[in-house]
Amino acid sequence: MGFGFGQRRGGQLPVEVTPFVGRAAELAQVRGAIAGARLVTLVGPGGVGKSRTALRGAAELAAGFADGVALVELSALRDPELIPVTLAAVLELPEQVGMEPLDAVVAHLQGRRMLVVLDTCEHLVDACAMLADVLLREVAGVQVLATSRQPLDVPGEHCVPIAPLEPDDALELFVQRAAAVVPGFAVHDGNREQLTALARRLDGIPLALELAAVRLRAVSLEQLVERLGQRFEVLTGGRRTALTRHQTLRTAIGWSHELCTPRERLLWARLSVFAGSFELRAAEHVCAGGELSRGEVLECLIGLVDKSVVQRLGVDGSRYRLLDTIREYGAEWLVESGGADAVRARHFAYYQELGQRYWDEFLTPAQPVLHRALRTESADVRCALEYAYSSAELAPRGLWLASLLGPYWRALGALSEGRYWIEKGLALVDEDGEADEAGEASEAGEASEEQAWGRFMIALFSVWTGDLPSALEQFHRALRAARDAGEDRVELFCEAYLGGLGALCGEPDGLTGLEDARRRILARGDGLGTAVIHYEGALVLGVLGDTEAALEWCRTGLAYLEGTGERQMYASTLTVQGLLLWLSGEREEALGLLGRALEAAAEIDEILVAAMCCLMLAWSASAEDRPVRAAWLLGYAENARRLGGGDPVGMLPSLFDEQEAVRAGLRRALGDADYERWHAVGARLSGAQVLAAVREGADVPGDRVPAARGAGVDALTRREREVAALVAQGLSNREIAEQLVISKRTADAHVEHILAKLGVGSRTEVAAIAAGGERVERSGG
């Protein structure tokens, strides 16, 4: 759903950062199950390696799915209502008027051949089961691979149990991880018996083995085996009684816990409130207090990283996370300590402050930085909202947080999620204020400032999704709430929008109301209002045919925004101005504005603006007799923003005539098959790829030509075909390097060249082309 700069688009599978060990039998079971069942669930206890096995299995299966693999990571999600929204975001679906996210997902997947991976379902098992059931019943070409600690219990489900590693594989995993801790560590005749006993004692559970391997930093192998044996003897009373695998894992985690200092244990417990990854500043703000001072947080965090309790993430290692099982253990300790409420309150306060900074600094150069911060912290923003909505006292603050993120939800292309959080907050606050059946504040209690802003944002979302009838209704409700609450800023904004919408509906006083609101906004020096009304109002004037007045409003808005560093309203205004100029025949000037708009939109991942820019750039390419460029630009634009009759942009005179003429001309120039192929290429591009191609003026994205079926690999050299074959088999770059006896850097370069020549963005697409019958050289033959 987002423009996607710097993000893993389309649910692409992550690169494996550590060697994959064992699981040949389980992977064979997965392949066999997928061949005969449309829902396959990998079931097993926490820490046993379900996710890793599923990802490897999905990579091996990708070649059989023409439309690829979509990975939906659910571990950080807590609200079951957001599962369809999350899948829609993975598929990058644009918001559609009158269509729920699940319906949009089903419509999008019709006719496609795709594997959807639902990873970590156990805490949302009912909602995941419902989603899987809908997909199986309504989308024939989609199959689902899930991981869970329990079956989904959906008709037709095939469960593949993921057991602990076989003894030899468990030994190999431990030795690999130990070698990362103690350089040169290896298995030999002198330690094989001890290693085998240790792997057996830990039941072959991967997470338990990895936690134990870290201990070699501090103790010898002999001491490790001895101390671990003592712990298990305590648990079994010295009897030769086998522990359950759950007990084994908890014992391994518990041992790591006991080896921590008291302050490290306290930090571990407090870090469990983070749903996703976090940075040091967040950990210091949320976790410091009482026995743990702010200055001690970093030292304790380093200790937890050294003990593999906390993982460092990112190229610069500036972010951290807890694995799910380790987070759960810490959460239990946090509850037992009696300090959970205080820590969660600080967690909410931290993310509320982040949202408030985003709002307060919206018209400054900090806007792009804060937008990226919110995107990175999205899992914990959700967690903070859930916490606020669990308390009647905090619900208004949660509603305010959800409302002030309105522009963020739009840029992200996640208006459905934004609407969900705001409406949930409104329902709670209205209920507390004794709202009537119509959802309005009753005479028993006045509307609050938070309610007024919440209703205004809901109305604004309806404008942005092109649902004008709903927008009219919602603006009237927001206006009443604003007047009731004495929130004159929202009142003025609502009057401006109602004037503009009234004008679009033919009301004679509509433009008068819009102009009056504009003057009052300028008089009070409202920066946000000034930025918004000039581009939104210009669009209204353009629809009504007063292009000159519309362009003047754009110039006024841009004059205010120039030099502020703000990007979202600036890009929006440039886009409206460029669109108006294009439709009035001033095409050269329009193109210059669109290039600037796209650059600004890229800084905040603003998908709606990017889509409109690419739409007009497609028109330009068509006029310049560059049909391939026009087709993929059109594919990106139409996938990112579907212009319906309710979208004010779609109401501009001659816009749809222009669009249809361009589309028909491209079909004549390319033929239906090539037009559809290039259009599909554009629909799969990331925002970064589009921006790079636009900057270069390229006819194809990155000078890449997507291969037609049957001839896609002809552009590859013999060595590249060998590498492509190994990529299709699911091998990592390091494994390819070892098999072909070349350096990893050379393998990296070959893979990059293959992606570029085939015009694809992922390894799974290489595999799909190979599976389609193209000639690929097999290594050694």
Subject >> Scan of the range 459-479 for residues that are closer than 17 Å to GLY513 by Cα and in contact with an Asp or Glu (Cβ under 8 Å, 6 or more places away or on another chain), ordered by number >> reply: LEU479
**OP:** Could you please find all residues in the range 244-294 being open to solvent by 70 Å² or more (accessible area, probe 1.4 Å) and closer than 29 Å to ALA349 by Cβ?
**Re:** PRO262, ARG263, ARG265, ARG281, HIS285, GLY290, GLU291, ARG294
Original post:
Considering the range 153-194 alone, what residues qualify as being touching a Phe, Trp or Tyr at 6+ places or on another chain (Cβ under 6 Å) and open to solvent by 20 Å² or more (accessible area, probe 1.4 Å)?
Top reply: ALA179
Subject >> Residue that is nearest to TYR570 (Cα to Cα), among those in the range 373-391 that are open to solvent by 30 Å² or more (accessible area, probe 1.4 Å) and in contact (Cβ under 8 Å) with a residue 40 or more places away in the chain >> reply: ARG375
Subject >> Residue match in the range 89-98 (condition: in contact (Cβ under 8 Å) with a residue 12 or more places away in the chain, surrounded by 21 or more Cβ atoms within 10 Å (Cβ to Cβ), small (Gly, Ala, Ser) and in contact with a helix residue (DSSP H, G or I) (Cβ under 7 Å, 6 or more places away or on another chain)) >> reply: no
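What residue, of PHE274, PHE362, PHE348, is touching a Pro at 6+ places or on another chain (Cβ under 8 Å) and of a type outside the set (Lys, Arg)?
PHE362
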Original post:
What are the residues in the range 302-333 that are out of contact with any Phe, Trp or Tyr (no Cβ under 9 Å at 6 or more places or on another chain) and either surrounded by 14 or more Cβ atoms within 10 Å (Cβ to Cβ) or part of a helix (DSSP H, G or I) (or both), if any?
Top reply: ILE302, GLY303, ASP306, LYS307, SER308, LEU323, ASP324, THR325, GLU328, ALA331, GLU332
Original post:
Do we have LEU304 as closer than 22 Å to LEU207 by Cβ and either touching a strand residue (DSSP E or B) at 6+ places or on another chain (Cβ under 8 Å) or without any contact (Cβ under 8 Å) to a residue 60 or more places away in the chain (or both) here?
Top reply: yes
Original post:
Does at least one position in the range 467-490 carry a residue that is touching a Gly at 6+ places or on another chain (Cβ under 6 Å) and either of a type outside the set (Lys, Arg) or on the phi > 0 side of the Ramachandran plot (or both)?
Top reply: yes
Original post:
Among the residues of the range 594-610, which ones are among the hydrophobic types (A, V, I, L, M, F, W, C), under 22 Å from PHE362 (Cβ atoms) and open to solvent by less than 20 Å² (accessible area, probe 1.4 Å)?
Top reply: ALA597, LEU598, ALA600, ALA601, ALA602, ILE604, ILE607, VAL609, ALA610
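Considering each of LEU528, LEU539, LEU522 in turn, give the residue that is touching a residue at least 12 places away in the same chain (Cβ under 8 Å), farther than 26 Å from TRP582 by Cβ and either out of contact with any strand residue (DSSP E or B) (no Cβ under 7 Å at 6 or more places or on another chain) or not in a helix (DSSP H, G or I) (or both).
Answer to the selection: LEU528.
Just one of LEU652, LEU666, LEU691 is surrounded by 16 or more Cβ atoms within 10 Å (Cβ to Cβ), of a type in the set (A, V, I, L, M), at pLDDT 80 or above and over 26 Å from the mean Cα position of the chain (by Cα); which is it? Break it down stepwise before answering.
Values: LEU652 fails: at pLDDT 80 or above; LEU691 fails: over 26 Å from the mean Cα position of the chain (by Cα).
None of the others qualify; the one that does is LEU666.
Restricting to the range 509-524, give me the number of residues that are basic (Lys, Arg) and over 16 Å from ALA549 (Cα atoms). Give the steps one after another, and end with the answer.
So the first thing to find is which residues in the range 509-524 are basic (Lys, Arg), and the list is 518-520, 524.
Next cut, over 16 Å from ALA549 (Cα atoms) only: 520, 524.
Adding up the residues that qualify gives 2.
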**OP:** Filter the range 464-490 down to residues that are open to solvent by less than 10 Å² (accessible area, probe 1.4 Å) and in a helix (DSSP H, G or I) and give me whichever is modelled with the lowest pLDDT.
**Re:** ALA471
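Before we move on, is PRO155 farther than 24 Å from SER416 by Cα, out of contact with any helix residue (DSSP H, G or I) (no Cβ under 8 Å at 6 or more places or on another chain) and not small (Gly, Ala, Ser)?
Numbers: farther than 24 Å from SER416 by Cα: yes; out of contact with any helix residue (DSSP H, G or I) (no Cβ under 8 Å at 6 or more places or on another chain): no; not small (Gly, Ala, Ser): yes.
It is false that PRO155 is farther than 24 Å from SER416 by Cα, out of contact with any helix residue (DSSP H, G or I) (no Cβ under 8 Å at 6 or more places or on another chain) and not small (Gly, Ala, Ser).
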**OP:** Could you look through the range 744-755, keep only residues that are open to solvent by less than 60 Å² (accessible area, probe 1.4 Å) and either among the hydroxyl-bearing types (Ser, Thr, Tyr) or out of contact with any Asp or Glu (no Cβ under 7 Å at 6 or more places or on another chain) (or both), and pick out the one that is modelled with the lowest pLDDT?
**Re:** ALA749
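Scan the range 709-723 and give yes if some residue there is modelled with pLDDT of 80 or more, surrounded by 17 or more Cβ atoms within 10 Å (Cβ to Cβ) and either more than 30 Å from GLU603 (Cα to Cα) or of a type in the set (A, V, I, L, M) (or both), otherwise no. Outline the logic, then answer.
Quick first cut of the range 709-723, residues modelled with pLDDT of 80 or more only: 722-723.
Add one more test, that the residue is surrounded by 17 or more Cβ atoms within 10 Å (Cβ to Cβ), and what stays is 722-723.
Filter once more, so that each one left must be either more than 30 Å from GLU603 (Cα to Cα) or of a type in the set (A, V, I, L, M) (or both): 722-723.
Yes, some residue in the range 709-723 is modelled with pLDDT of 80 or more, surrounded by 17 or more Cβ atoms within 10 Å (Cβ to Cβ) and either more than 30 Å from GLU603 (Cα to Cα) or of a type in the set (A, V, I, L, M) (or both).
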**OP:** Look at the range 520-543 and say how many of its residues are within 9 Å of MET569 (Cβ to Cβ), in contact with a Cys (Cβ under 7 Å, 6 or more places away or on another chain) and of a type in the set (Gly, Ala, Ser).
**Re:** 0
**OP:** Mind counting the residues in the range 557-569 that are assigned to a helix (DSSP H, G or I) and surrounded by fewer than 18 Cβ atoms within 10 Å (Cβ to Cβ)?
**Re:** 1
Subject >> Residues of the range 675-688 satisfying the condition of being open to solvent by 20 Å² or more (accessible area, probe 1.4 Å) and either touching an Asp or Glu at 6+ places or on another chain (Cβ under 9 Å) or free of Cβ contacts under 8 Å to residues at least 12 places away in the same chain (or both) >> reply: GLU676, HIS679, ALA683, ARG684
Original post:
So which of VAL181, VAL160 ends up being at pLDDT 90 or above and within 39 Å of the chain's Cα centre (by Cα)?
Top reply: VAL160
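Restricted to the range 337-364, and to residues that are outside any helix (DSSP H, G or I) and at pLDDT 95 or above, which residue is least open to solvent (accessible area, probe 1.4 Å)? Working first, answer last.
Let us first name the residues in the range 337-364 that are outside any helix (DSSP H, G or I), namely 338-339, 361-364.
If we keep only those that are at pLDDT 95 or above too, we end up with 361-364.
Working: GLU361: 64, PHE362: 9, LEU363: 45, THR364: 42 Å².
Looking at residues that are outside any helix (DSSP H, G or I) and at pLDDT 95 or above, I get PHE362.
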Original post:
Which members of the range 358-375 meet the condition of being closer than 16 Å to ALA602 by Cα and β-branched (Val, Ile, Thr)?
Top reply: VAL369
Original post:
(1) crowded, with 22+ Cβ neighbours inside 10 Å; (2) in contact with a helix residue (DSSP H, G or I) (Cβ under 8 Å, 6 or more places away or on another chain): which one isn't true of ALA58, the others all being true?
Top reply: (2)
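Let me confirm something: among LEU109, LEU118, which residue is buried (at least 17 other Cβ atoms within 10 Å of the Cβ), at pLDDT 95 or above and in contact with a strand residue (DSSP E or B) (Cβ under 8 Å, 6 or more places away or on another chain)? Quick ask: steps written out before the conclusion?
Details: LEU109 fails: at pLDDT 95 or above.
Matching residue, one of LEU109, LEU118: LEU118.
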**OP:** Under 8 Å between Cβ atoms, at least 6 apart or on separate chains: pull out the pairs that start in the range 171-199 with a residue that is of a type in the set (S, T, N, Q) and end on any residue that is at pLDDT 85 or above and part of a helix (DSSP H, G or I).
**Re:** ASN191/LEU221; GLN194/LEU221; GLN194/GLU222; THR196/PRO167; THR196/LEU171
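The values are calculated or read from the model by the stated rules, or taken from the named source; none is laboratory data. Every value quoted in this text rests on a predicted model; they were computed, and no experiment measured them. Please note: Cβ atoms are built from the backbone with ideal geometry, for glycine as well, and neighbour counts cover all protein chains shown. Areas reflect the complete protein model, heavy atoms only, side chains present, ligands, DNA and RNA absent. Shrake-Rupley method; radii C 1.70, N 1.55, O 1.52, S 1.80 Å.
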